[in-house]
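The values are calculated or read from the model by the stated rules, or taken from the named source; none is laboratory data. Just so you know, these numbers come straight off a predicted model, no measurement behind them. A quick note on method: Cβ atoms are made from the backbone with ideal geometry, for glycine too, and the neighbour counts reach across all protein chains shown. Calculation scope for accessible area: heavy atoms of the full protein, side chains included, ligands and nucleic acids excluded. Shrake-Rupley method; radii C 1.70, N 1.55, O 1.52, S 1.80 Å.
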Amino acid sequence: MSDQAEALRQLATSQAPADMTAVPRSARFITVCSGKGGVGKSNFTLNFALALQQLGKKVLIFDADLGMANIDVLMGVSSRYNVYHVLRQEKSLAEVIHHGPYGLPFIAGGSGIADMFAMTDKDVSRFIQQMEALASDLDYILFDTGAGLSRENINFITAADQCLVVTTPEPTSVTDAYALIKVVHNNHPEVPFTLMINRAGDAQEAQETSSKIILTAKRFLQLDISLLGYVRDDQSVSRSVKRQVPFLVGYPKSEASRDIERLAANYAAVPFKGSDAVHKGVKGFVQRFLKRK
């Protein structure tokens, strides 16, 4: 058995058994975004989803990056169908779900994301019905958006129950992350933000980086931003990208893997800050995303 296959086997057997007595799930919609590209947002989304799944959570990744969709590339998986085929009624939403390591489900967005804004009311109703069927058996749907403030990104951010902002300690990344938060908050003050520091040298650098954004937002925007934590700068991450395997699978004992497991455990244990006030289910999410009443 190869090292990768053994790592996959160990990760699968470590997952908590499903609670057959649990009440029906109501999936939470979470947008993962960044102010600029190159901060490792998609890699974080992928490994964070795997770590949540490892805890027994049911997670689906929706690749919502219109221009640079690459979740499938990071997993070495080919995605033949995407949202475009759903909108053309060639496939159902369930039929465009692909699977990565340990059956991690994901949906490729591609050009279909922009086409969603042209849906008729009948198309919207059909899409909502399919989303509701999908979300009824999930805990989290993670939308991996593109970098910056495109129309699609803003709509995903404002429609979701929570926005995870990924940044690195680099000054340009910090500046752009704050700019994104500021623009969204000034127009949609109800959006709850959570910050994640990627590629931190150590805990002190992560704390210094997060404080710059959190304190500035508090002072000038009167906005409270929670901190999810940080993932250390780790060579195993770049090696995993070249191998097209998630670092949590390819390098399960690395610093980055330990960090992502800690973040997932903390995230799963603490209720969303402010989410109960904005969570409106699938119909509310779709209508907010499309800006329709």
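Could you list the square roots of 5 times each eigenvalue of the Cα gyration tensor of the chain, that is, the equivalent ellipsoid semi-axes, sorted largest first and rounded to whole Å?
Numbers: eigenvalues 140, 126, 64 Å².
Whole-Å semi-axes of the equivalent ellipsoid: 26, 25, 18.
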Task: In the range 174-293, lysine pairs closer than 29 Å at Cα, eight or more apart or cross-chain - done: 19
Task: Label point distance in nm, V124-A269, each placed 7 Å from Cα along Cα→Cβ - done: 4.1 nm
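For the range 26-152, compute Rg over Rh where Rg is the Cα radius of gyration and Rh is the Kirkwood radius from the inverse mean 1/r over Cα pairs.
When Rh is taken as the Kirkwood radius, the ratio is 0.94.
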TODO: Work out, step by step, the length gained on full extension between E132 and E170: first 0.36 nm times the residue separation, then minus their alpha carbon distance; give nm to one decimal.
DONE: 9.7 nm
- [ ] Kindly state, to the nearest 0.05, the FRET efficiency for F117 paired with T216, given R0 = 22 Å and r defined as their beta-carbon distance.
- [x] 0.10
- [ ] Would you mind computing, in nm to one decimal, how far apart the modelled labels at N187 and L149 are, each placed 7 Å from Cα along Cα→Cβ?
- [x] 0.7 nm
TODO: Calculate what fraction, in whole %, of the accessible area of the chain sits on carbon and sulfur atoms when a 1.4 Å probe is rolled over the protein chains.
DONE: 52 percent
Task: Whole-number accessible area per residue in Å² for the chain, which is evaluated in the context of all protein chains at 1.4 Å - done: 46 Å²
Open item on the list: Which three numbers, in whole Å and largest first, are the semi-axes of the equivalent ellipsoid of the range 57-126 derived from its Cα gyration tensor as √(5λ)?
Closed with: 22, 13, 10
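To the nearest 20 debye, what charge dipole does the range 169-293 have about its Cα centre, counting +1 at the Cβ of each Lys and Arg and -1 at the Cβ of each Asp and Glu?
Working: 19 positive and 13 negative charges, 148 e Å.
Dipole of the range 169-293, to the nearest 20 debye: 720 debye.
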Open item on the list: Excluding same-chain pairs closer than 8 in sequence, count the lysine pairs in the range 17-164 whose Cα atoms lie under 23 Å apart.
Closed with: 4
- [ ] Go through 29-36, 49-56, 126-133, 79-86 and give me the packing order, highest mean Cβ count within 10 Å leading.
- [x] 29-36, 49-56, 79-86, 126-133
